[in-house]
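FYI, it's all coordinate maths here, none of it is from the lab. All values reported here derive from a predicted model rather than from experimental measurement. Don't worry about glycine lacking a Cβ; one is built from the backbone with ideal geometry, like all the others, and counts go over all protein chains shown.
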Ligand SMILES: NC(=O)c1ccc[n+]([C@@H]2O[C@H](COP(=O)([O-])OP(=O)(O)OC[C@H]3O[C@@H](n4cnc5c(N)ncnc54)[C@H](OP(=O)(O)O)[C@@H]3O)[C@@H](O)[C@H]2O)c1
């Protein structure tokens with residue numbers, strides 16, 4: 001039965017630096033009724049992604065900024081509660097770029113599609129391994145990076161949702177894979193659970209110490225960097241790249257809450273005739289079914305594992321989101337709304 005109240009997590013001011021709780025507000029409003037061409041979705045889970053931090057700023061990006069007073073945009077999975085669109089029936093599971101709110105009133109768009117929960121390891125896997133982070137890892141490795149046996153791949157943010165899958169997929173292609181993560185527990189998980197060849201704990205290390213650790217873990221230099229973090233991780237990595245290395249910029253999370261750090265050692269790109277380029281998963285939208293099928297097959301064969309960190313309740317949206325920035329998430333960060 002449809003509840004009478006739609007609890008929503010609103011943006012009320014643009015964060016300066018690290019988001020504060022007062023930048024957001026929880027608000028209860030009436031549950032809307034869909035008109036012709038509209039669907040009411042009961043959101044069961046919301047994906048908490050580092051990308052949301054970028055959408056909080058009034059800055060040019062691949063999507064417009066979240067307007068002040070609007071609910072915080074997020075990918076969600078949920079069930080159709082009521083429908084004014086023939087092809088969506090009440091009870092259908094759907095996924096879309098909606099918001100952190102109990103109910104979303106949407107007009108079907110390119111981001112919204114039905115999901116077959118019986119064809120996935122779990123409902124939430126559509127926000128993790130089978131969702132944007134898994135697809136980022138899949139197309140990042142199999143299309144953009146294409147590492148070969150004998151090459152060395154360095155992954156930052158390696159114990160996270162994207163990084164952990166990147167490392168496993170690069171290993172499946174025969175590369176030597178080294179991960180950078182925060183703390184001994186996460187580093188142990190890199191080698192013991194995700195099969196990385198070596199792990200580096202970046203915490204407490206400046207650029208020189210990190211560069212030294214990378215030199216030890218990558219004795220043959222680095223052929224591919226899968227960059228999720230930026231800052232000193234990227235600076236240190238660039239000191240050890242090989243001739244014609246490729247640096248794939250997937251994310252720069254260490255810089256999202258502060259001023260851009262800038263890449264200090266880009267002169268190494270000249271010396272090593274290396275390439276550094278950006279990667280955006282949205283550019284692969286027309287190939288998502290192919291990526292999801294490949295990921296599902298690898299999971300089914302037991303060749304790929306993934307982890308989810310599920311926090312409960314919309315009232316915990318702020319602390320759960322901030323876990324992405326203090327590193328206390330252990331896997332894909334998901335908020336359970338129902
Ligand atoms: N380009 C694309 O299309 C695309 C798509 C998806 C994600 N991404 C990017 O991929 C990266 C990872 O995203 P995710 O969803 O997989 O998140 P995640 O890795 O599961 O979680 C974020 C992790 O980042 C690390 N971190 C946070 N602040 C840091 C800092 N200052 N220095 C070093 N590490 C820090 C923390 O791990 P530790 O405990 O190890 O510090 C934290 O657990 C992000 O940069 C994100 O923006 C890009």
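How large is the helix-only mean residue ellipticity at 222 nm for the chain, computed as the sum of -39500 (n - 2.57) over DSSP H runs with n ≥ 4, divided by its residue count, in deg cm²/dmol to the nearest 500? Helix-only estimate at 222 nm: -7000 deg cm²/dmol. Of the two radii for segment 132-282, the radius of gyration is 0.92 times the Kirkwood radius, both from the alpha carbons; that is the Rg over Rh value. Going from the residue with the fewest nearby Cβ atoms within 10 Å to the one with the most, 338, 85, 141, 177 rank 338, 85, 141, 177. Each Cα pair under 8 Å and six or more residues apart adds its separation to the average, and for segment 78-190 the resulting relative contact order is 17 percent.
The Cα-based radius of gyration of segment 49-138, divided by its Kirkwood radius, gives an Rg/Rh of 0.98. The distance separating the Cα centre of segment 84-109 from that of segment 284-336 comes to 20 Å. Computed over the chain, relative contact order equals 17 percent, with contacts defined as Cα pairs under 8 Å that lie 6+ residues apart.
Helix 317-326 and the long axis of the chain differ in direction by around 0°, with both axes built from C-alpha atoms.
Reported value for segment 237-338: 178 Å³ per residue, from the convex hull of its C-alpha atoms. More than 19 Å apart: what percent of Cα pairs in segment 181-243 qualify? When all Cα pairs of segment 181-243 are counted, 27 percent exceed 19 Å. Need one number for the chain: average projected area of the convex hull over its C-alpha atoms, nm². For the chain, averaging the hull's shadow over all directions gives 16.7 nm². Our note on the geometry: Cα centres of segment 205-281 and segment 174-203, 17 Å apart. Relative to the longest principal axis of the Cα atoms of the chain, the long axis of helix 207-217 makes an angle of roughly 80 degrees. For the peptides 180-186, 297-303, residues were scored by their other Cβ atoms within 10 Å and the scores averaged per peptide; the highest-first order is 180-186, 297-303.
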